[in-house]
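Since the structure comes first, as structure tokens, the remarks are kept for the end.
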Amino acid sequence: MLYRFTIILIFTIQGPLLAQNLPDSVYKCLANVAVLNADGFARLTYACKEIGHRLTGSPNGQKAEETLFAAFQTKGLDKVEYFPFPIKTWKRNSCQLEVVPRNSDHFVPIKSVSLANTASANGIWNIVDGGDGLDADLIPLASRIKGNCLMVNLDLTRRETGRQNLHRAEKVALALRYGASSVLFIHPREAEMVLTGTASLDGVPVSIPALCISGKEGKDIREWMKTSQLMAEIKVKNEISEGKARNVMAWVEAPVPTRETILVCGHLDSWDLGTGAVDNGIGSFTIPDIAQAIQSCKQHLRRNVLFLLTMGEEQGLLGSRALVAQWLKEGRLQEIKAVVNLDMTGNPLAFNDFDWPGANGFFEEADKNVRQFLPSFKEKRAHSPGLHSDHQPFMLEGIPTFSANSSMPDSVYACYHADCDNINLVQKSWMETSSLAHSILVLDLASRKKLGFSKMKPKKLVKWLKSHSLKEKLEISGEWKWN
Ligand SMILES: [Zn+2]
């Protein structure tokens, strides 16, 4: 009896103290600021209307950098600064695709858009259907791909075990390895939609053209190929020049000076077909609201919080890579204790702990804290690390990275990188919910005495990357730097 009583007593006294560190009143105050003072939606609406797209290196992109710089200043952050870096500026010019049977002049125009960071071209090539464009699909076609136009699905259509889809840039890298002269991507939806996105993994322009065509026309071409050998005539003009972009960085500093920092990032840049309201206006324009909430309770911070809006993410994570390279050089990278990335994050329904070793206990508490204000926040946390967003360069240095899983209608995701990615897809409440959940997560990360997880050493990191099937993908992109 006494034994049980002691246990209960220990739990009652120690439990809340050890677990939460901060009194409920702090979370209440934070939640109020995170939602009631949130104006991210209004700022995003204004930006979509007055600026338009936010393509890196374009005058629009520069305006976006300045607008968000000013937003952080208005929110009263301790320090706001630019982080400039050089880029190859890519600009879309014209794109024409016609399909024609061999030895015929029956040219049929096909709606297409150029993927970014691809070369200009003027040529006519046999079309080779490479299925889903995985290595396994291309091996049997090796001799036919060389010097021809490889046509592949953006998505995975054959889902047998062991088949994992690759990013479009990874598929282009494979096409290059097989000697293709051009690439046609088929949009996953059986509609007339086309999408853009980078074909380069590292921002260095690729030497061949890569175009996207609609699911509907892709299907028609495949039908036609049953009876005729088809050729693709491609006339593409893109401009590539030397340029500059700027990440925007804003700090909330802990009251007792420390170098330990929590990084909250999201890419501000977008593609140029729509206005990037979802990718990634919904994430990046929420970040100043989170910053304001954290600023409002900064007396509780044990670590600094750096809010980072990157440019060049779409072209190959250019802004985050530049920062990681610079901080590695300066020996500052170990100051970052965790990274939270918001990319197309709206109406989050659970956190993703990336299956980071030791992070479970921390997230159990953070989940609980969020659920006080968002009862719908799911207990089912995600444990899946991914690539191709700004957390990646940090993750590959072993720094703990996290995100939240969104819950938005399918119609929103359908406009990914397409001309329909506009403000009418976004709901104000999705950004407020995101501001609330992330503010609580960031406060927990920045205020808890012990986090329970830490940087992974190379040996452990390699094992972890392999166990999440990320090795193959990183090898294709040339980023697997371990043996
Ligand atoms: Zn994005």
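Read-outs throughout are calculated quantities, based only on the coordinates presented, and are distinct from any laboratory measurement. The shown structure was predicted, so the numbers you read here are calculated from the model rather than taken from an experiment. Glycine gets a Cβ as well: all are built from the backbone with ideal geometry, and neighbour counts include every protein chain shown.
Data table
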{"quantity": "Cα-based Rg / Dmax (Å) for segment 93-238", "calculated": "13.9, 43"}
{"quantity": "Folded to 0 to 90 degrees: helix 40-50 orientation relative to the chain principal axis, Cα", "calculated": "30 degrees"}
{"quantity": "For the chain: relative contact order, % (alpha-carbon pairs under 8 angstrom, 6 or more apart)", "calculated": "20 percent"}
{"quantity": "Inter-part distance where segment 104-136 and segment 279-334 are each reduced to a Cα centre, Å", "calculated": "38 Å"}
{"quantity": "Percent antiparallel among DSSP beta bridges (both partners in the chain, rounded to 5)", "calculated": "60 percent"}
{"quantity": "Cα-projected label distance for Asp220 with Ala191, points at 7 Å along beta-carbon direction, nm", "calculated": "1.8 nm"}
{"quantity": "In Hz, Karplus ³J(HN,Hα) per residue of segment 455-471 (6.51, -1.76, 1.60; θ = phi - 60°; x = Gly, Pro)", "calculated": "4, 8, 6, x, 4, 5, 4, 4, 4, 5, 4, 5, 5, 9, 6, 9, 5"}
{"quantity": "Directionally averaged projected area (convex hull, Cα atoms, the chain), nm²", "calculated": "24.8 nm²"}
{"quantity": "Helix 428-447 axis, angle to the chain major axis (alpha carbon atoms, nearest 10°)", "calculated": "60 degrees"}
{"quantity": "Contact order normalised by residue count of segment 121-227, Cα under 8 Å, 6+ apart, percent", "calculated": "25 percent"}
{"quantity": "On Cα atoms only, tilt of 360-371 relative to the major axis of the chain in degrees", "calculated": "80 degrees"}
{"quantity": "DSSP-defined antiparallel bridges as percent of all bridges, segment 93-238, nearest 5", "calculated": "60 percent"}
{"quantity": "Segment 421-450-segment 223-267 distance, computed between alpha-carbon centres (Å)", "calculated": "22 Å"}
{"quantity": "Å³ per residue enclosed by the Cα convex hull of segment 301-408", "calculated": "118 Å³"}
{"quantity": "Proximal lysines to Lys79, defined as alpha-carbon separation beneath 29 angstrom and excluding residues fewer than eight positions away on the same chain", "calculated": "Lys28, Lys49, Lys63, Lys88, Lys244, Lys298, Lys329, Lys337, Lys428, Lys449, Lys450, Lys455"}
{"quantity": "Lysine pairs in segment 93-238 with Cα atoms under 18 Å, if 8 or more residues apart or on separate chains", "calculated": "6"}
